[in-house]
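Student: Please see the structure below; I have some questions.
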Amino acid sequence: MTLRELSTEVLVVGGGLGGVAAALAALRAGRQVVLTEEYDWLGGQLTSQGVPPDEHTWVEQFGVTASYRALRNGIRDYYRRHLPLTEAARGWRELNPGAGWVSPICHEPRVALAVIESMLAPYRGSGRLSVLQPYKPVAAETDGDRVLSVRLRHGSDEVVVTAPYILDATETGELLPLTGTEYVTGFESQTDTGEPSAPAEAQPLNMQAVSVCFAIDHVDGDHTIDKPASYDFWRDFELPFWGGKLLGWRSPNPRTLEIGERSFTPNPDDDPLLVRADQRRNPGDGNLWTFRRIAARRLFTPGAYASDICLVNWPMIDYVLGPAFDVPDAAEHVAAARELSRSVLYWLQTEAPRPDGGTGWPGLRLRGDVTGSADGLAQAPYIRESRRILAEHTVIEQDVVKGARYGDSVGIGMYRIDLHPSTGGDNYIDVPSAPFEIPLGALIPRRVDNLLPAGKNLGTTHITNGCYRLHPVEWNIGEAAGALAAFCLDRSVLPRAVRNDPDLLACFQDRLEAQGIELRWPEISGY
């Protein structure tokens, strides 16, 4: 075992969207940063987890930070510069490379990775950013209410990184138990939060399903994978509220819970230029092929893509048999979630009912080259719910439903409260919400001074996590956390002092706005 020691000004543990945004914010402020990530790709849910962005209806006009918009623009520019688009596609101002219905910018994970790397490149070159990858946090040293260092491991190599500010941008809030930071998991009780959708008693192990996504196309030949060992179990598996077997086209409508039937048509005869993705008007999940399609063959010159590429993040891959953390068999549950996804693919190839009365599409081909993994699935499980800090302010359902405004806002977001079936046996919980703000108080632990959440581990509840977990909101949370660490270093103050001192708060919010972080939703009027 080899051991290295590093020191920096801001340590960001976790290289997902929140972690990348946090690192960029601290770097823009002139600080030295170490960024770590346990998987081969930076970008988290957008890349290693393979999930196209879930975004609100106004994303092309407002409601995201300037740097998140730069990421989106960079993805479109990458396609225009490097891929063989048709002239019509190249001229599409709001280019949606996959013409998927879930987002106006469905795209291949590697493109997002390339853009993220380009955004970080100047700081790598200058030496102000060091990236440790793939490294996983395994221990931390603390002194009272401060975290002194984090120990990270890759194989036989360990690194101890010391920093005055440490940001937890991991997918599951891994630094919280390692540092002794107080946190909550699962479902809070209605007594604790007053939330209308909460249960009478807390359910700490009742968490949203995890999913292991994968990419497929449909080409000539038989590409059927070997039958998974657990296939018979999953083929026969039923949930009491599902309307049939999990592996089937019938499932609940998330918003109404009515049982409906989805369709699946590989390479449909559609015009991708006519797709206008807007979940407010159309959830887009009627045809599962186009729902999260990430490459639409007809947007590229003839022959460039033999098929569309479809990203499978569908109801039937949601794994609900146990949590992915804070239980002794967590790793077994993650492995079982991967087996579920393989079983879904095998079912699609061999037994899924086709519209013509036949069964199975053996031409469906697993595209591990698209997801960058040896087994063909996404590198990392899609984690919808993290450990969450006990914060100075916890965002509750009532805040989101009524669109509460916060004097300490550090950003904005919008998405329905979207909870998938859970490990506690819940059906979907899908509640309308209003455009919301991100309060600084949700980023500040009640006790620990220098550890900040930079992703889904901020002070939300099980319910409000359902709308704070999406791509642009996670980015904004991380960006605010990175900016806060840099501001505290500049002023030699603690994060809670920034929140509780009106002058410091005003200065910090001015800095955020100068960086293109919107703190309020616009009110448009004539002049």
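Student: Among Ile444, Gly411, Leu470, whose Cα projects farthest towards the positive end of the dipole of segment 395-501, with charges put on the beta-carbon of Lys, Arg (+1) and Asp, Glu (-1)?
Tutor: Checking the options against the dipole of segment 395-501, the answer is Ile444.
Student: Note down the net charge around His218, summing +1 for each Lys or Arg and -1 for each Asp or Glu among other residues with Cβ under 11 Å from its Cβ.
Tutor: That works out to 0.
Student: Still on this structure, I have one more. What FRET efficiency comes out for the pair Lys402/Thr162, r = Cβ-Cβ distance, R0 = 45 Å, nearest 0.05?
Tutor: The pair Lys402/Thr162 has a calculated efficiency of 0.55.
Student: Going by accessible area, probe 1.4 Å, with all protein chains left in place, what is the ranking of Met316, Met119, largest first?
Tutor: Met119, Met316
Student: To continue, here is another question. Compute the distance from the alpha-carbon center of segment 188-245 to that of segment 302-341, in whole Å.
Tutor: 9 Å
Student: Under a point-charge model restricted to the Cβ atoms of Lys and Arg (+1) and Asp and Glu (-1), what is the dipole moment magnitude of the chain relative to its Cα centre, in debye to the nearest 20?
Tutor: Once rounded to the nearest 20, the dipole reads 1160 debye.
Student: Give, in nm to one decimal, the length gained when the segment between Glu60 and Glu513 is fully stretched (0.36 nm per residue of separation minus the Cα-Cα distance).
Tutor: 161.2 nm is the gain from fully extending Glu60 to Glu513.
Student: Put Trp234, Trp92 in order of accessible area, largest first, 1.4 Å probe: what do you get?
Tutor: Trp92, Trp234
Student: How about Lys402: which lysines have a C-alpha closer than 29 Å to its C-alpha, ignoring those fewer than 8 places off in the same chain?
Tutor: Lys456
Student: Residue separation times 0.36 nm, minus the C-alpha to C-alpha distance between Asp145 and Gln190: what's the value?
Tutor: Additional length available on full extension: 13.2 nm.
Student: What is the angle, in °, between the Cα long axis of helix 17-28 and the longest principal axis of the Cα atoms in the chain? Nearest 10 is fine, range 0 to 90.
Tutor: 40 degrees
Student: Please check the chain for the longest run free of GluC sites (Glu not before Pro) that are loop-located per DSSP (anything but H, G, I, E, B) and have at most 10 other Cβ atoms within 10 Å.
Tutor: 259-522
Student: For segment 1-43, what class follows from the C-alpha gyration tensor (a ≥ b ≥ c being the square roots of its eigenvalues): rounded when a/c is under 1.5, otherwise prolate if a/b is larger than b/c, else oblate?
Tutor: Oblate is the answer for segment 1-43, as a/c is 1.5 or above yet b/c matches or exceeds a/b.
Student: Sort segment 392-527 into rounded, prolate or oblate with this rule: let a ≥ b ≥ c be the square roots of the eigenvalues of the Cα gyration tensor; rounded if a/c is under 1.5, and if a/c is not under 1.5, prolate when a/b is larger than b/c, oblate otherwise.
Tutor: Oblate, since a/c reaches 1.5 and b/c is not below a/b.
Student: Between the DSSP loop rule and a limit of at most 11 other Cβ atoms within 10 Å, which trypsin sites (Lys or Arg not before Pro) in segment 85-182 are left?
Tutor: Arg93
Student: Then there's this: Reachable lysines from Lys245, Cα under 22 Å, same-chain residues fewer than 8 places away excluded?
Tutor: Excluding near neighbours in sequence, the set is Lys227.
Student: Could I ask something else about it? Using a ≥ b ≥ c from the Cα gyration tensor of segment 252-320 (square roots of the eigenvalues), is it rounded, prolate or oblate, where a/c under 1.5 gives rounded and otherwise the larger of a/b and b/c decides, a/b for prolate?
Tutor: Prolate, since a/c reaches 1.5 and a/b exceeds b/c.
Student: Sticking with this structure for a sec: I need two numbers for segment 336-418: Rg to one decimal and Dmax as a whole number, Cα atoms only, in Å.
Tutor: 20.9, 59
Student: How much mean residue ellipticity at 222 nm does the chain get from its helices, if each DSSP H run of length 4 or more adds -39500 (n - 2.57) and you divide by all residues, to the nearest 500 deg cm²/dmol?
Tutor: One gets -8000 deg cm²/dmol as the mean residue ellipticity at 222 nm.
Student: Another one. Share of antiparallel DSSP beta bridges in the chain, in percent to the nearest 5?
Tutor: 65 percent
Student: Throw me the Rg/Rh for segment 285-326, computed over C-alpha atoms with Kirkwood Rh, two decimals.
Tutor: A ratio of 1.21.
Student: Whenever you get a sec, compute what percent of the accessible area on segment 1-134 sits on carbon and sulfur atoms (1.4 Å probe).
Tutor: For segment 1-134, the apolar C and S fraction of the accessible surface comes to 49 percent.
Student: Calculate, for segment 1-81, the solvent-accessible area per residue in square angstrom, rolling a 1.4 angstrom probe over the heavy atoms of the protein chains.
Tutor: The answer is 30 Å² per residue.
Student: Between Asp503 and Gln133, what is the FRET efficiency for a Förster distance of 56 Å, r being their Cβ-Cβ separation, to the nearest 0.05?
Tutor: Working from the Cβ atoms, E equals 0.90.
Student: How big, in percent, is the set of alpha carbon pairs in the chain lying more than 46 Å apart?
Tutor: Percent of Cα pairs beyond 46 Å in the chain: 9.
Student: Taking 0.36 nm per residue of sequence separation and subtracting the Cα-Cα distance, how much length would be gained by fully extending the chain between Asn427 and Phe241, in nm to one decimal?
Tutor: Value of the extension gain: 66.3 nm.
Student: Another question, then. Got a sec? Charge dipole of segment 61-137, +1 on Cβ for Lys and Arg, -1 for Asp and Glu; which of Gly98, Pro109, Ala88 is way out at the positive end?
Tutor: Pro109
Student: Now a separate question. At q = 0.13, 0.19, 0.24 Å⁻¹, what base-10 log of I(q)/I(0) does the Debye formula yield for segment 19-111 when every alpha carbon is treated as an equal point scatterer in vacuo?
Tutor: -0.52, -1.02, -1.35
Student: Over segment 433-486, with every protein chain in place, what whole percent of the accessible area is carbon and sulfur at 1.4 Å, could you tell me?
Tutor: 50 percent
Student: Roughly how tilted is helix 330-350, in degrees to the nearest 10 and between 0 and 90, from the longest Cα axis of the chain?
Tutor: 30 degrees
The values are calculated or read from the model by the stated rules, or taken from the named source; none is laboratory data. These numbers come from a predicted model, not from an experiment. Note that each Cβ is placed from the backbone with ideal geometry, even for glycine, and that neighbours are counted across all protein chains shown. Ligands, DNA and RNA are stripped out before the accessible areas are found, and what is left, the full protein with its side chains, is counted by its heavy atoms. Shrake-Rupley method; radii C 1.70, N 1.55, O 1.52, S 1.80 Å.
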